Amino acid sequence: VVKRIGIIGTGIMGADHARLLTDAVSGACVGGVFDPDAERAGGVAARSGGARVFADPYALIGDDGIDAVLIASSDATHEEYVLACVAAGKPVLCEKPLAPTTEGCARILEAEAAHGSRLVTVGFMRRFDPGYTDLKAVLDGGEVGIPLMIHHVHRNPAAVPGIPGSALITNSAVHELDITRWLFGEEITEVAVHTPRPSGRAGGTRDPQLLILTTESGVLADVEIFVNARYGYEVRCELVAEEGTVTLDAPPPTSLRRGGLHARELPADWRPRFAEAYRLELQDWIDGTGRGATAWDGFAATYVAQACVAALESGERHVVGMPSIPRLYRG
Ligand code: ISE
């Protein structure tokens with residue numbers, strides 16, 4: 001059976017997901033789309049094998065011809081659409097963040113608890129990236145011994161000038177918050193945020209930033225987040241353990257030697273870098289394998305992000321104080 005997916009939001013990510021569901025994922029098709037910009041929705045529908053265009057997102061969620069819902073609308077709208085999906089009893093894949101505030105995420109946890117089973121998956125696609133899954137396999141296989149530190153680098157070429165410094169944490173570094181929890185299988189307990197002289201290219205934003213995270217067992221993770229790095233999009237990390245280190249470079253397989261240089265091309269944004277991760281994430285969701293981030297993971301990432309924002313504003317270390325994991329998400 002082919003699952004008919006309804007997509008809410010057909011901007012950059014919604015359009016990309018529609019393309020993957022149509023061309024690269026088996027067992028699924030795009031059944032319907034909604035976007036406040038009807039013309040944009042129409043374009044994506046036409047490229048998705050003639051999916052229906054809905055004028056109302058709630059009509060899409062409730063429609064009998066839609067089996068599951070993918071939410072790629074603006075962050076502030078995630079909560080209301082996820083809640084409507086849970087109320088309708090439909091599986092939902094929501095782009096990160098699950099909701100911009102911990103209160104919003106908590107309302108989703110309550111709704112899922114009341115429903116009694118998990119319906120929500122959060123789009124932390126890096127959990128499916130072959131580079132990160134390899135790194136985790138090496139760590140879990142014990143080849144490098146006990147982990148001590150991890151250095152993360154996350155750079156975008158440009159961001160909207162003058163965005164608040166908190167956006168670097170809630171929109172970008174939130175991926176490292178999630179991947180750090182996932183990699184070590186434990187919570188982040190303390191956070192601090194340091195800022196150097198801001199880049200003159202950032203339009204007044206505190207960019208770059210250096211996040212220092214401590215996990216339950218005492219692993220130290222540092223995250224350099226720099227969203228106006230100019231030269232291209234890049235994500236890498238190095239795990240430092242007692243017996244060795246593991247580096248995630250994920251360079252393209254080809255490189256160019258010319259005119260005294262040895263060069264590798266960098267993408268302009270995350271879509272080419274994480275193309276395979278997005279494909280595997282969607283396939284896993286369609287197959288119902290359930291390896292994706294849960295609503296609890298979405299809550300936890302937002303919870304730690306909020307502590308980092310507080311640390312950025314105060315210049316002080318903050319204790320995270322994560323609530324205990326609800327029963328639905330244990331094991
Ligand atoms: C963007 O929203 C993403 O989620 C990308 O994965 C991330 O690398 C980028 O910094 C964010 O702006």
So, in Å, what gap is there between the alpha-carbon centers of segment 269-325 and segment 14-39? 23
Could you check the spin-label model distance between residue 59 and residue 243? Points 7 Å from the Cα along Cα→Cβ, value in nm. 6.1
Charges only on Cβ, +1 for Lys and Arg, -1 for Asp and Glu: so what's the dipole of the chain about the Cα centre, in debye to the nearest 20? 760
Could you size up the charge dipole of segment 1-115 around its Cα centre, putting +1 on the beta carbon of Lys and Arg and -1 on that of Asp and Glu, and report it in debye to the nearest 20? 400
Amide H contacts under 5 Å for residue 11, placed H, 5+ residues apart: none
For segment 125-186 versus segment 43-112, the gap between their alpha-carbon centres in whole angstrom: 26
Zone reached by a paramagnetic label modelled 7 Å from residue 220 Cα along Cα→Cβ, restricted to segment 115-149 with backbone N below 12 Å, covers 148-149
Label-to-label distance, nm, for residues given as residue 289 and residue 201 (7 Å Cα→Cβ offset): 3.7
Computed ³J(HN,Hα) along segment 57-71: with the Karplus parameters 6.51/-1.76/1.60, θ = phi - 60°, integer Hz and x for glycine or proline, the list is x, 6, 5, 4, 4, x, 5, 5, x, 10, 8, 8, 10, 10, 9
Table column - 3J(HN,Hα) (Hz), segment 134-149, Karplus curve with 6.51, -1.76, 1.60, x for Gly and Pro: 4, 4, 5, 5, 5, 4, 5, x, x, 4, 10, x, 5, x, 10, 8
With a point put 7 Å past each Cα toward its Cβ, work out how far residue 115 is from residue 330 in nm, to one decimal. 2.2
So for the chain, taking the charge dipole from beta-carbon charges (+1 Lys/Arg, -1 Asp/Glu), which of 108, 203, 298 sits furthest toward the positive end? 203
Dipole magnitude (debye, nearest 20) for segment 284-331, charges at Cβ of Lys, Arg, Asp, Glu: 220
Just tell me which aspartates and glutamates come within less than 13 Å, Cα to Cα, of residue 90; anything on the same chain fewer than 8 places away is out. 63, 64, 67, 112
Residues meeting the amide H criterion for residue 123 (H placed from the backbone, H to H distance under 5 Å, 5 or more places apart or on another chain) are 94, 95, 96
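Just subtract the alpha-carbon distance of residue 322 and residue 138 from 0.36 nm times their residue separation and send over the number in nm, one decimal. Intermediate results must be reported in sequence, preceding the final value.
Details: separation 184, 0.36 × 184 = 66.24 nm, distance 2.77 nm.
Taking residue 322 through residue 138 to full extension adds about 63.5 nm, to one decimal.
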Tell me which of 69, 183, 160 sits at the most positive position along the dipole axis of segment 38-194, charges placed on C-beta atoms (Lys, Arg +1; Asp, Glu -1). 160
Rounded to the nearest 5, the percent of antiparallel DSSP beta bridges in the chain equals 55
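Just subtract the alpha-carbon distance of residue 24 and residue 74 from 0.36 nm times their residue separation and send over the number in nm, one decimal. Kindly include the intermediate steps, with their values, before the conclusion.
Values: separation 50, 0.36 × 50 = 18.00 nm, distance 2.47 nm.
Gain on extension, residue 24 to residue 74, equals 15.5 nm.
Here, each number is a calculation from the coordinates, and none is a lab measurement. These numbers were taken from a predicted model, which means no experiment stands behind them. Cβ coordinates were reconstructed from backbone atoms using ideal geometry, including for glycine residues, and neighbour counts include every protein chain displayed.
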